[in-house]
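Here the structure is laid out as structure tokens; the discussion comes afterwards.
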Amino acid sequence: MKYFLILTFLVSSILFGCSAFKGLRKADLIEGKDKNTYESFGKKYMISTQGEATTKAARFVFEKGGNIFDAATAASFAISVERPHSTGIGGGGFMLIHHEKSNHKEAYDFREMAPRMAHKGMFLDANGKQIKEKSLTGPFASGTPGLVAGVLEVHKQYGKLPLEVVMEPAIKMAEMGFKIYPALEVATKAKAKKLCSYPSSKKIFLNEDCTARKAGTILYQKDLALTLRKIAKEGLSGFYEGDVAKKIVASQKKYKGLMTLKDLKNYKVKKREPVVGTYRGYKILSMPPPSSGGTHIVQILNILENFDLKGFGAQSAKSIHLTSSAMQIAFADRAEYMGDSDFKNVPVDTLISKKYAKRLANKIPHARALSSKDFPVSMSKIMREPEHTTHFTIMDGEGNVVTSTQTINGWFGSSLVAEGTGIVMNNEMDDFASHVGGVNLFGAIGGKNNLVEPRKRPLSSMSPTIVYNKEDKPFLALGTPSGTRILTCVMQTLLNVLEYDMGLWDAVAATRYHHQWKPEEIRIGPPFFDKDVEAELKAMGHKINHKALGCKIQAIMKNSDGNLHGVSDPREEGMSFGI
Ligand code: DON
């Protein structure tokens, strides 16, 4: 035993410099969680999602003879039911796919769109001051939902089983109910007051006295089941036209919102070219605008390619300093340039160029924290608590990949359920800049390219990502929820694999950190770093904030022997399963 411990120490010292590796070990997992559900190995297929029932829904579809795209459709609808506080058919998302046979690499954008009547000043008062609640709660908070259109489009292109079959697990779950789990109770508690102000929302999620339903009791979503049945039967028009659409619009009208039948009918999915970058010869594909995610992941990695991070050690103060400084720079650029590229000229090519990255790398002092004074814009704003969203990744043995982040934005989105539909409407309008310098739920600073315009998509950080090996075959796919932290969490997991040679469990479970330019601090999540590492960072002038980042990576890696290895972040609910 003694020799084993010494050997472990020596190996980790060699791998990670002198400090011990900090990350979640299976043995540390919260009591009551089934430790084996977070990791799985298989050859035929692998599913990593944030919900047990969702992973089982995708498995059901594979067992029925469906393909990976049927499984992704099943997972999308199932997670909408299982995590109604995080995502749903009242929201939107992105899906990155690799279709092996055709070699198609496609980024599906089903992000919400601002209603036609939305306008630049809609979240400002008469004095030009941001009315924070207006973009967060109630009818104005919602963009026209895109999730149903996006998922059905992918299914139409590549699925082979009928919709009725792939949607069955979701419909059954909504109809027959499921046990409320602790994280759902926490989210409901946090939003109980807001949910209580809408009878249509209260009826589903709260007790008579407006308290949150307790974990362990059953959540029924009967209206949602009916809506899902309609979609399964009628397809797109079951949601965007007819009864369901009319009910969504009626609920908007009741509270004086802007969304109309025309907005719903004219919702458009966009098939986009993924952002492409490389890191040490590995090709990385991720989400282009209206997400900022892919662009900044590539930008940060490009900056970091200029340093010998591995030589410094994975969790050394020097690597953390350089990495968080690169994040800081990228977020300053995010505020300055990013928005919906259908509306604004977003300089993605420059942002992801190696030349630009080299110039930025030269700006990072090796032993001193950058200050916001080093950047052209200077503001200090406060970051709020993590909210929610969801991610799943699926791979099969034939080389196909689907990786998708889906959301209604904050917990329970706008808190408004469209009466009679069970649909929780999103609050994605908060991802727009209310004005230049405005701050959203995640503390991200808004720029001119991201102001509200009719039919524009709000800027996102969601970053479904696929990495290709040197034979140009996909070997790693991943994503996560958690607002602006999405792109830095995905980027760090990539670094952990591509730079530091970690196995997938360690890469996902490792301590993560985040810098987003404003506030001027490195936010470090549990289980944090060694005290001496933090002391070194402080000596360089970094402020440290110990606060969970909220990311829950869902990742799959294809090992060189062809085995698929799935890991669901052990930080919350999740389940990886494969055979
Ligand atoms: O699109 C975005 O970047 C945000 N609306 C995502 C929200 C989110 O991840 C909330 N999760 N914690």
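Results, tabulated for the structure shown:
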read-out: Sorted peptide list for 147-158, 473-484, criterion being average Cβ within 10 angstrom, highest first; value: 473-484, 147-158
read-out: Solvent-accessible heavy-atom area per residue, rounded to whole Å², over the chain at 1.4 Å; value: 37
read-out: Solvent-accessible area, 1.4 Å probe, carbon plus sulfur percent, for the range 167-324; value: 56
read-out: Accessible heavy-atom area order of Tyr108, Tyr282, Tyr356, highest first, probe of 1.4 Å; value: Tyr282, Tyr356, Tyr108
read-out: Pairwise label distance in nanometres, Val186 with Lys101, each label 7 Å out on the Cα-Cβ vector; value: 4.3
read-out: Accessible area of Ser316 in the full protein assembly, 1.4 Å probe (Å², nearest 10); value: 20
read-out: Three-way shape label, the range 101-178, alpha-carbon gyration tensor, a/c 1.5; value: oblate
read-out: Computed label-point distance, nm, for sites Asn266 and Glu471 using a 7 Å Cα→Cβ extension; value: 4.9
read-out: Gained length - Thr350 relative to Asn563, 0.36 nm times residue gap less alpha-carbon distance; value: 73.0 nm
read-out: Those lysines that a straight Cα-Cα span of less than 24 Å connects to Lys355, excepting residues fewer than 8 apart in one chain; value: Lys283, Lys310, Lys318, Lys344, Lys363, Lys373, Lys470
read-out: Cα gyration tensor, the range 265-333 - rounded (a/c under 1.5), prolate or oblate; value: prolate
read-out: Whole-Hz couplings from phi, Karplus 6.51/-1.76/1.60, listed for the range 264-272; x for Gly and Pro; value: 5, 5, 9, 4, 10, 7, 10, 9, 10
read-out: For the chain, radius of gyration divided by Kirkwood radius, i.e. Rg to Rh on alpha-carbons; value: 0.95
read-out: Shape call, the range 174-282: gyration tensor on alpha carbons, a/c limit 1.5; value: oblate
read-out: Contour excess over end-to-end distance, with Cα ends at Glu234 and Phe41 and 0.36 nm allotted per residue; value: 65.8 nm
read-out: Most to least packed among 448-461, 290-303 [average Cβ atoms within 10 Å]; value: 290-303, 448-461
read-out: Count, lysine Cα pairs under 21 Å in the range 489-562, 8 or more residues apart or across chains; value: 6
read-out: Those chymotrypsin sites (Phe, Trp or Tyr not before Pro) in the range 485-579 that DSSP places in a loop and that have at most 14 other beta carbons within 10 Å; value: Phe528
read-out: Heavy-atom accessible surface of the range 392-522: percent carbon and sulfur, 1.4 Å; value: 50
read-out: Distant-in-sequence amide H partners of Gly578 (H built 1.01 Å from N, under 5 Å); value: Phe41, Ile47
read-out: Distance between modelled label sites at Ile579 and Ala539, nm, 7 Å Cα→Cβ extension; value: 5.6
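The values are calculated or read from the model by the stated rules, or taken from the named source; none is laboratory data. Only a predicted model underlies this, so the values are computations on that prediction, with no experimental measurement involved. All Cβ positions, even for glycine, are placed from backbone atoms using ideal geometry, and neighbour counts span all protein chains on display. When the accessible area is computed, the model is the full protein with side chains, heavy atoms only, and any ligands, DNA or RNA have been set aside. Shrake-Rupley method; radii C 1.70, N 1.55, O 1.52, S 1.80 Å.
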